[in-house]
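Here the structure is laid out as structure tokens; the discussion comes afterwards.
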Amino acid sequence: MKSIKSIIKNSIMVIAATAITASCSDDFFDVNDNPNEPSVSTPSLTLTAAQQSFTYLNATSMNYLGNYIVYNWATPSNWSANQDLFRYQIDNTFYANIFEDSYGITFRDLAYVKGVEDASGAVDYSAYDAIVETIKGFQYQHLVDLYGDIPFSEASQRGSNTTPKYDDAETIYKATIDSLTSAASLALDLPLNAENPGSADIIFGGDMGHWAQFANTIKLRMLVRLSNTGQDAYIKDQIALIDANGAGYITSDVSTNPGYSQNLYQQSPFYGYVGYNEAGEELDRHDFTVATDYLISLLQENNDPRIDLLFNTPTKGGDHKGAPQLIGLPGTGFTSGDLSKVGEGLLKSPEQDQPIMLLAEALFLQAEAVQRGYIDGDAKDLYEMGIAASFDYLGAEGAEDYYAQPLENVSWEASSNKIEAIITQKWLALNGVSGIESWIELTRTGYPANLPIPVDSDGKRPVRLLYPSSEYSTNANNVPAQTAAEAFTNNPFWK
Amino acid sequence: MKKRFNVILTLFLVFVVQLTFAQTKTVTGTVTDDGGLPLPGVNVIVKGTSTGSQTDFDGNFAIDASKGDVLVFSFVGLKTAEFTVGDANKVSVELEADAAQLDEVVVTALGIERKPRELAYSVASVDNEDMTETRSTNAATAMVGKVSGLQINTTSNGVNPNTRVVLRGNRSLLGNNQALIVVDGYPSTRGVLDRINPDDIASTTVLKGANAAALYGSEATNGVIIITTKRGKGKLNVTLTSSLDLSDISYYPELQDEFGVGGFPDGTLYPLENVNWGPRYDGRMVPASETYEDGRVLMVPFSPIKNNHKNFFNTGSTIRNSVAVGGGDDNSDFLLSIDHSNTEGVVPDDQYNRTSARFKASRKFDKFEVSANLSFFRSHANTVTPGGHQDRDLFWYLVNTPLHIPLQDLKNWRTGEFARNEVSYYRFYENPYFIKDTQRRKDNVNEFTLITSAKYDFTDWLSARINVGYTGYNTSRKDEKGGLTYAFHVPDPYSEIAPFGPKTLDDNYISNRVNSDFIINVNKQLSDAFHLDVNLGQNLRLSESKQIRVTGNNLIIPDFYNVSTRTGNLGGFENSEEYRKMGVYGDFTLGFNDFLFVTASGRNDWTSALDKDNRSYFYPSAGISFVPTTAFEGMKGTLRYLKAGFSASKTGNDPLPYNTASTFLAPDGRSSGQRYGLFPFGSTAGLAQSSGDVSPGLKPEFTTSLEASVEFAFFKGDRLRGSVTAYKSNSTDQLVDINVSQTSGAETLYTNIGEIENRGLEVDLNGGIIRTNDFSWDLGINYSTNDSEVLSLLDGVDEIEVGGPYLDNSGYGAAIVAQVGQPYPLLKATDYLRDAQGRVIVGADGDPIANPNLTSQGKTTPDYIVGMNTRFSYKNFSLYAVADYRTGHVFYNTIVDALEFTGLTEHSVTSGRQPFVYPNSVYDDGSGNYVANTNRLTTGGGNNFWDAYNNQKANYVTDATVVKLRELSLGYTFDQGLIDNLGFQDLKLNVYGRNLFMWRPSSNVYSDPEFNYSTGNAVGFGTQAQTPPTRQYGISLTAKF
């Protein structure tokens, strides 16, 4: 018994001693480094992620929404989908991801890339900065066009400023135009030790000359957008700066491709959103996105060969057929099998490059700029090259025969209103690629004219989106109050 | 009868139990109370041995003893009596009321036993009989309605239900609010309450507030449920229990049966549609399949089949067997129990079986005591899982089967003439039998727990104890989801679901936890008046876990589920976690003359989850309790016991690991915020910044709570006992991922914010209302209210989202939020515009106008809960019932969205699908005044109108008030005389039912308002994932010998 007593006494002392010593070591608690997610990155890795998220948002939600508002697409009777698009049910949850993802994903990562600096000064990241400013310019333009006043100067500071103030729309526009000017110059005049992103740049592969051209083209688009504001002098001054850097405008489609493949979540964005899945099967969205009757008749009247590339003929047979944008379509004759769905000119392959800006768009922008006297050139030539570039992208033939036809808004000579012709052809060229741009241009110019409005709506086409409800609940002191009606009545500042 | 036992146990402990045998005789007698009434259940043991017996229903006992032996008679609540055996063989014993009534000890924090009078806070308990009466295998569900302030929700039923256990309201906005579960002094995970074998539980103590639980540290902020497992007792005994339960769907959502399939436009018959906007059922023959090339087609009458959906479900069953062997005396005891149950679900083919085994033993030497408790749990579940081409729940597929389609004839989707997938009615959504047969999920759980404890008494007032516990837990899951292929296609099908390939998922999770407590105890009577009890301790907690998942899609071999046969990339992830915490604590109780007690405690924690500068935090508590009935002579009369207590405490809580820095991640293509792609694309890698940012200088969160309580007992024998408790708790510096403006580049910020206050009142009353020779009636009622309010969040932040099943999809329309100045949690949903009196505003076209903002609908936790449990005994029979009532809350069950989409809601036919005047509506008369609408009809009464109605989720938020008859049991205990001949000590037969009835307000035609899409804080959202509510009824037999 005595030995047991001392064993126990000794054990207690050992345990007590261990307990006390365990408390003394600080390293003991140093096990809080996250083994699942790294806390560091590099500008190249995060630039790639930002370019992909930027591309995806534009190619999917923004493109899809725009195509519906400019009456390109409808939904068949056997699907319950897109009713909010036909009712024009614009509220602060409607496509809120356009606002939220631009800031919350793309600008976030771009801000990280911009903020990286090499403390030793050995490596310079100016090339990345030029790319970041260009992409920001592209996306901020669309956000101002769609939302008006938005956060800009105080945005993207993460935890340091969780309630950024809203800046004036026109001020943002002008500041963005300036940053595009400097981005283009920087891209052409990089320091010697500037790191080139190389293959991490999934848009131009590190070719900075192309970035300068892209920055110039976005800037031109912004300037042409100001056409109704009576600031022609300002526009011409800014054009002079574009001409000064000598890079010119884009000469081919701007598109993204990190290595898309036929794998889940890795397909080319538009293809994987409106086309087919990783097993090659038709997606639900491909089944419920069909042509409008208005567009089909217009394409047929104009003998436009692009019709067979923009749309497939109905699976049940027969010629191209479209439907009006209507929730109560009849159950017979208007099912998905009876109508034309999105075609192979737009859905080429899961590996296809994802266009961000088509050459056709750039050419039409230049045509309009010439027509309005902002730049020098041959408007007719640019117009016809724009049509040809569109045919080229879709894989159609016979562009020259097409625009030779003496039809309004087809042939340059036969068109009484040149701006109308340019914008109408641009609408056709951007079909399925840059729907959001077509909608914004429709708001600016009113062209194409006579576009139908869905019967289920209140009869007015929307001119903007509303701030998302997440802003009202997290940034209530800064976000301006809006009524539902403003989506239809509150025009963008440049209108 | 001479008996000799030699029992040898081979373990880390070896001991021998021996009975002394001398000239024994059988002593018989009767035990009564001081009123002369016989006392059943009195323990009679021969002192110094393990020979024992109990009195039967008439108070009679029989025991083998020799002359000179001392018989010890003990019974809860009465003074223990001793009697020395003389020459007489028959004795009569009277047990007196114990002056120190209600001084049986309760087990409090860390297994420290205390008398209730010493405690400054209130403690509730549930005994073993109440837990096991209706044979539920889930201990959490067996506690419902028995303790005030305890809200247990069964969030989903099915073969293995999920439960949520919350005491006194939600304190934490986004953190854990569930009670801490402690088993034999070892803090365990929340799931242990669902897994532990209820038969192993001797008693359960509920420490409702942080005050009671300061000694456990952070996790005890939410209160503690302390489970003490049974010890072997008396001579070697074996208990066998067998039970058989059956279960049925009790309530199916109400569906309209007037209009059948079709639409486009409304009223047109399209026989193969899945939505019901077609013509009225009129009995004509319509096709119910595609047409074969040779013209064969299935024709059925166009009229609804009664219970068409409900008949998809089976009667489920649970068969359960358990055996427990144990024995013990004053110095040692052991217990071995094994329990096995097998459940077949109401969903056909759902199956669940589980086995628990426990071995515990303890041995007391002169000054040293040691014990060990090993338990092992394993379970296997095979259930249907969401699947099909749109990955939907089984309920969706049922709802997309119209009422005239003979579902029972469509089981053979492989080869049935009109049931096979190529031609069946199912053109848009898969056949529910196909889903049930091909989309399966298998889950295996293994848990091994070892709890050991050793205590050494240095002197009679100084002792030291060490408790060490370890749990190894692992789960493994496999999903086998079959694909859809067609052998042929009929010419000109109405529509066809695109074929898809099979997929598989494997997930393994392993975790290890160690918890040790080393406590030194001083328990000394300082003087006649003063008594001191001090505990000083040190606690160490280590835990680590790892999870690995792999997935593969488009498998190439049918019915072969291994990721090696996939097409495309291998999906999945790997996650690990490590956490360490240490605490030192002290607990001090000074008693004065056994009627006044002052307590104080303090604890300091060091945690690995916070940065070095903020790692250590301290929190104290203090309290006082006073027993006037002992203090003032002559106060005792009809009032036999009165105690008043008041306590204040503060507890600190640390964050989960890895939350002190923001990180980067490779987008995975499917999580919210990462849907734009799966990196790497081939050799192109990318890292996006995490959407969550972290505030620098994170601190622990603290909850301060105050509690005042009064406990009382009236009448001889303490026939009426009760307590009233009021509490207020404030939780500040909550560690919360608040949503911030996404324009900042962060979606959430993890920071300390806010304050939430909970106030409530709890009343418990227990009474032995009738006590006669043959008949007794006991009734317990508990009432609890809880008011919660969000006092503040962050400057400029008025509201944060807490959750919802579709929160990723910002267009959804309903969410659970925390809003400043409002109760928490709050349900907000889209709604129509309403005037000041709450009437819906319609426009010129007669249609209601949508409100662009989400509006508040009410809180989703009850204002008050009333529970009742009662027991009637008449001779050998006893009837036991438990019911509870909850009210003051709302809920939204998203199954109604499926019903609205398919046109099956009852409200969609109230106007015969014709335009109607929207009830209780008004319109603007042009001058800004609202006049009652009596003439403007809506634009329609069909698909288009109800589709728009569906966008306003407030239309579906209903009152969650419910009264449930939770448990009902009729038991028969066989007479001692009868069973003695069979060799049994005890034999009991029970017939019982659980969840037999539920009374809901007429607006709730959908489901059980307790169901929730998760066990998290976003309470108030039922979804299509839960099986319709079920009721269970069964029979069990318990034999002890």
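The numbers here are math on the coordinates, done by the rules we state, and not lab data. Because the structure is a prediction, the values reported are computed rather than measured. Neighbour counts are summed over all protein chains in view; Cβ atoms, including those assigned to glycine, are modelled from backbone coordinates with ideal geometry.
In order along segment A:307-321, the Karplus-derived 3J(HN,Hα) couplings, from 6.51 cos²θ - 1.76 cosθ + 1.60 at θ = phi - 60°, round to 4, 6, 9, 6, 9, 8, 5, x, 5, 7, x, x, 7, 3, 9 Hz, and Gly and Pro are given as x. Kindly provide the chymotrypsin sites (Phe, Trp or Tyr not before Pro) of segment B:945-995 that DSSP labels as loop, not H, G, I, E or B, and whose Cβ sees at most 11 other Cβ atoms within 10 Å. Here no loop site has a sparse enough neighbourhood. Taking the Cα atoms only, what angle lies between the long axis of helix A:126-147 and the longest principal axis of chain A, rounded to 10 degrees? Roughly 60 degrees, rounded to the nearest 10. Assign one of three labels to segment B:910-987, namely rounded, prolate or oblate, based on the Cα gyration tensor with a ≥ b ≥ c the square roots of its eigenvalues; rounded applies when a/c is under 1.5, prolate when it is not and a/b is larger than b/c, and oblate otherwise. In terms of gyration-tensor shape, prolate.
What is chain B by shape, rounded, prolate or oblate, if you read a ≥ b ≥ c off the alpha carbon gyration tensor as root eigenvalues and call it rounded for a/c under 1.5, prolate for a/b larger than b/c, and oblate otherwise? Note, shape of chain B comes out prolate. Relative to the longest principal axis of the Cα atoms of chain A, the long axis of helix A:418-429 lies at roughly 50 degrees.
Checking the a/c ratio against 1.5 first, then a/b against b/c, what shape does the Cα gyration tensor give for segment B:934-1029? Taking the square roots of the gyration eigenvalues as a ≥ b ≥ c, segment B:934-1029 is prolate. Among B:PHE448, A:VAL123, A:TYR467, which residue has its Cα positioned farthest towards the positive end of the charge dipole of the protein assembly as shown, with +1 placed on the Cβ of Lys and Arg, -1 on the Cβ of Asp and Glu, and the dipole taken about the Cα centre? Of the options given, the answer is B:PHE448. Counting, for every residue in B:732-739, the Cβ atoms of other protein chains within 10 Å of its Cβ and taking the mean gives 1. In loop segments of segment B:702-798 as defined by DSSP, the trypsin sites (Lys or Arg not before Pro) with at most 14 further C-beta atoms inside 10 Å of their C-beta are B:LYS716. The residues packed around B:ALA883, meaning those with a beta-carbon under 12 Å from its beta-carbon, carry a net charge of +3 if Lys and Arg are +1 and Asp and Glu are -1. 3J(HN,Hα) along segment B:752-761: 8, 9, x, 9, 10, 10, 10, 10, x, 9 Hz, from the Karplus curve 6.51 cos²θ - 1.76 cosθ + 1.60 with θ = phi - 60°, whole Hz, x for Gly and Pro.
Sparsely packed loop sites in segment A:203-298 (the GluC sites (Glu not before Pro) outside DSSP H, G, I, E and B with at most 16 other Cβ atoms within 10 Å) comprise A:GLU281.
Loop sites only, by DSSP: take the GluC sites (Glu not before Pro) in chain B that have at most 11 other C-beta atoms within 10 Å and name the longest stretch containing none of them.
The segment B:634-1041 is the longest one with no such site.
Neighbours of A:PRO314 by Cβ distance under 9 Å: Lys/Arg scored +1, Asp/Glu scored -1, total +1.
Taking a Cβ cut-off of under 10 Å around B:THR1030, the surrounding Lys, Arg, Asp and Glu residues balance to a net charge of 0, with basic ones at +1 and acidic ones at -1.
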